[in-house]
Structures are given as C-alpha cells and as structure tokens.
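Data block below; observations after.
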Amino acid sequence: MPEILLHYIWEHCLWAGFPQQTTDGLPVEILSVGQHNGDAGPDYSHARIRIGDREWVGNVEIHVHASDWYRHRHYQDPAYDSVILHVVRDADKPVYNSRGELVPQCALCYPSDQDYLTSLLADARRMDSPSMRIGCAQQLLEDPQLLTQGWRSLLLRKRLECKQASIQRLLRITQGSWEHAFYISLARNFGFHTNSLPFEELAIATPLSAIRKHRDSLFQVTAILLGQSGLPIQDENMAREYEFLRTKFSLTPIDVGLWKMGRIRPQNSPERRIRQFAYLLHSSEFLFSRILELPDIRSLAALFAQEGMSRASIDILLINTVLPYRFAYNPQNLPAIMQMMEQIAPENNSIVRQWRMLGQTVRNAADSQALLHLYQNYCQHHECINCEVGYQIFFADHTPRL
C-alpha cells in the first residue's frame, strides 16, 4: 500500500464507523485529524485525539509500517517528540521518541475491499494536483462567476466569527484578560504557521506580568523570551541575565524540540522572530488597547514596523490577530473590519494560488480570507451541499427539462 493512500484515508475520515485502538488496547477516538503539514516534521499538526479517558492535542505521523519510524530516523529527531499518535497500517514494532518515551500507536482500521482501495488510490493521486482538491474545479474554470461576491462576503464573516470563538475560548483561560489573550495570540502568529505552536507555548510559559516588569529593558525582555524558548543563547551576558530572571519568576523553558528549523529562510528563523517579538513588547505597552485606539490600517501597520519585518509579515499579523481581535471585542464593527481587510494585500499561499488557477480574482485580504475559509471548511470536508457554488451546480444539473 502506498503511504499516500493511508494519508487519504486518514484525511478524509474513511476510518469512521470502525473501532480504533492503540496497539496496547486503549480505545482511540479521533476528534480532529489536524492540518496537513507540507513542511519538515510530522505529517499532521493540531490533531485532537482521545486515547482512553484522556484527550490530547498535537501532531500525528503516518507510516505504512511502524518500523518506517526508525528508517526515517524520527527516533533521533526532537521535532517528533510532540507526536501524540503514530498511525500505521502494520504495527510491526513499538516506537520511541528521542526522549526514550513510548509513542502511542494505532493500526488504523478502514474498509478493506481491494477494488475500493484501488479506486481510492486513483483519487489520492489525483489529489496531488492542487486544483483537483476543489471538487467543482472544472465548473469554476468554465464559469468563475459561480463563486459570487455575496458568498465571499458571507465566508469572510464566517471566518471572523470562527476566530472570535477561538478568542473567547482563550479569554476564558486568561480569566477575561484581553491584553493577556492578545499577547498569546500575537505570539502564535509571530510563528508564521511554521512555528506557531512553539511560539504559543513560549507565550503561555512566559507570563505577561514578567515581561511588563522589565519592559523598559529590551535586553531583559529578549533574554526572558530567548531563554524561555529553550534555544541556545550565544551571548554569555544574556544567558546569565536569563538565569537570574528565570530564578526570579520561577520560569520553566519550553521543549526546544518543538521548533522547526529545516527549510526556513534566515529572516524567518525562530531566534530572529523572537527578537522581533521582544522588540514589539519592549516598544509598546498595552498592545491590545493600542490596536483598539488606532483609526486605520496605516497606523496599525506602523505599530508593528521594525527593522527586518517585511510589509507582508505585518499584513499577516493584521489579518490573523489585530482585525479578528477588533471584531471579537466589538462585533458591531464588522463593516469597518471588512473594509479594513479590503485595504490589505492578499495572502500568497498554495491555497490562494489554487483559486487563482481556477480563474478567481484575489484583490485583497478580504478575498483571500474568504477563499481560505471556503477551502478549509467546505472543499476539504466535501461540504458541497452547504456551499453556494455546490448548490448552484446541483440546482443547474437537476433543473427539470421541458
């Protein structure tokens, strides 16, 4: 069996209806398969799995044979220490991470009919073509206007509402502190997808109160954050300062193995991004209050401007953190938030490029956010019947002929 087929079965939930369990007999409930990772590291991130009576959030790695874990040398790579479930077809041996811990393993149960699996393999290989991930690709190529502006506007609103719900969950964790919640969310987005999880862990492990007590000193703020990241500190004076601050605030650094280093451009290296985050915290106190006060996109972008921060990086922070928080704080401002989205350049990622290939205009961040939401919440889950485009196609195909 090719590994791509096992990925297809996992991602499209074809295991549903089959009881799953770990190799040592604990029941496994797959709450979310996670997001496919196209970079180095485990195959799926942000998966939610209940094993026995305990729920886990983390990474999933998929192999045909469990022994492939050793063939790929994952047992030597700290990036795989965050794997919460090893999904295999053949559990031919137990696997351990770089810390010597046994990794929970599941021999996935799924339909076994050979003809069915052969047809799935053809589908899986077609899915390697980006445009084929969108079920109505051919129809959109023939008539791009099937995806209307009204549907895009509704999709943008739905995306903001999803982010609002995530912010509300974080507010419950931070006892209603908007400043603290914003600090954690901003840190996560400073990871720029590749390192979003370790950046979020860094903010959770480093209380905002500790940062504020030393905010006037960029040296100390940088020392706290670099030390808490678990990354090596090359400057001896800064390393000594971190040890002092770590003792003072009873801090514990995060696992350095969470950081992804492979295939990362120098400007996106974890240390560089941490230093930029430190500079922002040093230069602007009460960031959440500031982003509510500033009147327009130009002044909001200026708040994040510093050496080494490209406008594209600033735009990502505005799109994913600043504007969602402004909306969550006052949903009545939705029209103004949507207008601000229209003043920001669109994201340029593989999903947005797929939509462009299908003849869709992507003029600004309002467009790209709407199309991202459409792909991630409808196309990927085959929710065509609940999509305006799918409904139009279905209705056109089933109109009674006279």
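Stokes-Einstein D for the stretch 2-86 at 20 °C, 1.002 mPa s, Kirkwood Rh over Cα pairs, in µm²/s?
Details: Rh = 13.4 Å.
Here the translational diffusion coefficient equals 160 µm²/s.
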Would you mind counting up the charge near Met341? Only other residues with Cβ under 15 Å from its Cβ, with Lys and Arg at +1 and Asp and Glu at -1.
+2
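So how much slack lies between His381 and Arg48, counting 0.36 nm per residue of separation and subtracting their Cα-Cα distance, in nm? Show your work: numbers first, answer last.
Numbers: separation 333, 0.36 × 333 = 119.88 nm, distance 1.65 nm.
Here the segment from His381 to Arg48 would lengthen by 118.2 nm.
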Computed helical MRE - 222 nm, the chain, DSSP H runs ≥ 4 contributing -39500 (n - 2.57), nearest 500
-14000 deg cm²/dmol
Could you run the Debye sum over the Cα atoms of the stretch 149-351, one equal point scatterer each and no solvent, and tell me log10 of I(q)/I(0) at q = 0.09, 0.17, 0.19 Å⁻¹, two decimals?
-0.35, -1.21, -1.47
Order by protection proxy (mean Cβ within 10 Å, highest first), peptides 325-335, 17-27
325-335, 17-27
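DSSP beta bridges in the chain, what fraction antiparallel, as a percent rounded to 5?
Values: 16 of 25 bridges.
Rounded to the nearest five, the antiparallel share is 65 percent.
Please find the FRET efficiency linking Leu31 to Ser350, where r is the Cβ-Cβ separation and R0 is fixed at 22 Å, and quote it to the nearest 0.05.
On the way: r = 26 Å, r/R0 = 1.17.
With a Förster radius of 22 Å, E is 0.30.
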Using a 10 Å cut-off on Cβ atoms, rank the peptides 68-76, 214-222 from the highest mean neighbour count down.
214-222, 68-76
Alpha-carbon centroids, the stretch 6-53 and the stretch 276-322: separation in whole Å
36
Those lysines that a straight Cα-Cα span of less than 25 Å connects to Lys248, excepting residues fewer than 8 apart in one chain
Lys213
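For the chain, give the magnitude of the charge dipole about the Cα centre (Cβ charges: +1 Lys/Arg, -1 Asp/Glu; no others), in debye to the nearest 20.
Numbers: 39 positive and 43 negative charges, 205 e Å.
About 980 debye.
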Per the rule of 0.36 nm per residue minus the C-alpha distance, extending Lys93 to Tyr329 adds in nm 79.9 nm
Quick one, can you get me the convex hull of the C-alpha atoms of the chain expressed as volume per residue in Å³?
169
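Using a simple charge model, +1 on the beta-carbon of Lys and Arg, -1 on the beta-carbon of Asp and Glu, nothing else, what dipole does the stretch 57-106 show about its Cα centre, in debye to the nearest 20? The partial results should precede the final answer.
On the way: 5 positive and 7 negative charges, 14 e Å.
The dipole magnitude comes to about 60 debye.
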Given just the C-alpha atoms of the stretch 244-402, how large is their convex hull per residue in cubic angstrom?
197
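What does the net charge come to around Tyr70 if you take all other residues with beta carbon closer than 11 Å to its beta carbon, with K and R at +1 and D and E at -1? Please list the in-between numbers first.
Values: positive: Arg71, Arg73, Lys93; negative: Asp68, Asp92.
Taking every Cβ under 11 Å from that of Tyr70, the sum is +1.
Can you give the FRET efficiency to the nearest 0.05 for Arg212 and Asp143, using r as the Cβ-Cβ distance and R₀ = 56 Å? Present the calculation step by step, with values, prior to reporting the outcome.
Working: r = 55 Å, r/R0 = 0.98.
After rounding, the FRET efficiency stands at 0.50.
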Taking the stretch 154-242, the whole-percent share of alpha-carbon pairs separated by over 22 angstrom is 36
With the crude spin-label approximation of a point 7 Å out along Cα→Cβ, what separation in nm comes out for Ala239 versus Leu102?
3.8
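Every read-out reported here was derived from the displayed coordinates using simple, explicitly stated rules and does not represent laboratory data. Since we're looking at a predicted model, the values are computed, not measured. Cβ: placed from backbone, ideal geometry, glycine included. Neighbour counts: every protein chain shown.
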